[in-house]
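> Following this message is one structure expressed as structure tokens.
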Amino acid sequence: MRVAVAGATGRTGREVVAEAESRGHTVLPVSRDPEGDQRDRAELDALLREEADVLVDFTVPEATVEHVGAAAETGTPVVVGTTGFDDAQLDALADAAEQVPLLRASNFAKGVQALLRVVRAGVEALPEYDVEVTETHHSGKRDAPSGTATTVLDEIDSAREDALERVYGREGHHERDPGEVGVHVRRAGTVRGEHEVTLAGDDEVLSLTHRAESRRVFAAGAVDAAEWLAGREAGSYEFSEVLA
């Protein structure tokens, strides 16, 4: 399979390139600042039209929307690992998915998919417990909270009858509202990614944690998704479908 990788010079993009090559795929690395045999972003349209079977994108929201638009025009399936989209950008991705198969995930680690299932089970079993979400990433991560944390929060809401008000950090003097969920963001060093959900009440605490030790887990999941997505019909797909 011929895999175009947008953001090939980025932290995760480099890992995607290495993972795809290790599986014997032909890799077509793309970057705005190409190095060596990498292709310039200006060549992406022609690359998708003439050479690539699938596009994997780990860039930034503005660039991803542009890349997905090119994929839609050329009929190229696309895997998106970028996070931090606003509503208008998400609408643009949804429009593209009407023309090509598109799989977007905030996290491609298999363990995170397991975490989501366990979080749902915990929230459903302990509906009266307070819920807090804490995430930690490297100092260079741009969006906060992380896309994975937002996905966790969405899962919590879907497991309850009433959605919780999201409170981002706390200061001042006030009691915790039972109808809120605290969201705490830490940025430090080279932390690959850590997410913890705390459920507390009745003199007990349940902590559910996922920690990524290497970006290779994200790259492996993204390549799994690319292999699965190629050849499918147009539409929006979830990473959970790949694992299923």
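> What number of residues within segment 162-199 are of a type in the set (G, A, S) and without any contact (Cβ under 8 Å) to a residue 12 or more places away in the chain?
Here the count works out to 2.
> Name, by its number, the condition in (1) over 18 Å from the mean Cα position of the chain (by Cα); (2) over 30 Å from D95 (Cα atoms); (3) buried (at least 17 other Cβ atoms within 10 Å of the Cβ) that does not hold for A188.
The number of the failed condition is (3).
> Identify the residue in segment 91-114 that is out of contact with any strand residue (DSSP E or B) (no Cβ under 9 Å at 6 or more places or on another chain) and part of a helix (DSSP H, G or I) and, among all such residues, is farthest from A46 (Cα to Cα).
So, considering only residues that are out of contact with any strand residue (DSSP E or B) (no Cβ under 9 Å at 6 or more places or on another chain) and part of a helix (DSSP H, G or I), the one farthest from A46 (Cα to Cα) is Q113.
> Right, next: Going by the conditions given, is D33 assigned to a loop (DSSP other than H, G, I, E, B), free of Cβ contacts under 8 Å to residues at least 24 places away in the same chain and out of contact with any Gly (no Cβ under 8 Å at 6 or more places or on another chain)?
no
> Quick one: count up the residues across segment 18-37 that are crowded, with 22+ Cβ neighbours inside 10 Å and under 13 Å from V217 (Cα atoms).
2
> Kindly indicate whether R176 is surrounded by 20 or more Cβ atoms within 10 Å (Cβ to Cβ) and modelled with pLDDT under 95.
Considered against the rule, which asks whether it is surrounded by 20 or more Cβ atoms within 10 Å (Cβ to Cβ) and modelled with pLDDT under 95, R176 comes out as no.
> Do we have A94 as of a type in the set (G, A, S), in contact (Cβ under 8 Å) with a residue 24 or more places away in the chain and either loosely packed, with under 15 Cβ neighbours inside 10 Å or under 19 Å from A230 (Cβ atoms) (or both) here?
yes
> Next question. Out of (1) in the same structural domain as A8 (by TED's automatic domain parsing); (2) within 30 Å of V205 (Cβ to Cβ), what's the single condition that is false for T151?
(1)
> Can I ask one more? Quickly run through segment 210-241 and pick out the residues that are of a type in the set (A, V, I, L, M), over 19 Å from A4 (Cβ atoms) and outside any loop (DSSP other than H, G, I, E, B).
V217
> Among V118, V100, which is the only one that is of a type in the set (V, I, T) and more than 19 Å from A226 (Cα to Cα)?
Exactly one of V118, V100 is of a type in the set (V, I, T) and more than 19 Å from A226 (Cα to Cα), namely V118.
> In this structure, does S207 turn out to be among the polar types (S, T, N, Q), farther than 21 Å from D154 by Cα and either modelled with pLDDT of 95 or more or not in a helix (DSSP H, G or I) (or both)?
It is false that S207 is among the polar types (S, T, N, Q), farther than 21 Å from D154 by Cα and either modelled with pLDDT of 95 or more or not in a helix (DSSP H, G or I) (or both).
The values are calculated or read from the model by the stated rules, or taken from the named source; none is laboratory data. Remember, it's a predicted structure, so these values are computed and weren't measured experimentally. Please note: Cβ atoms are built from the backbone with ideal geometry, for glycine as well, and neighbour counts cover all protein chains shown.
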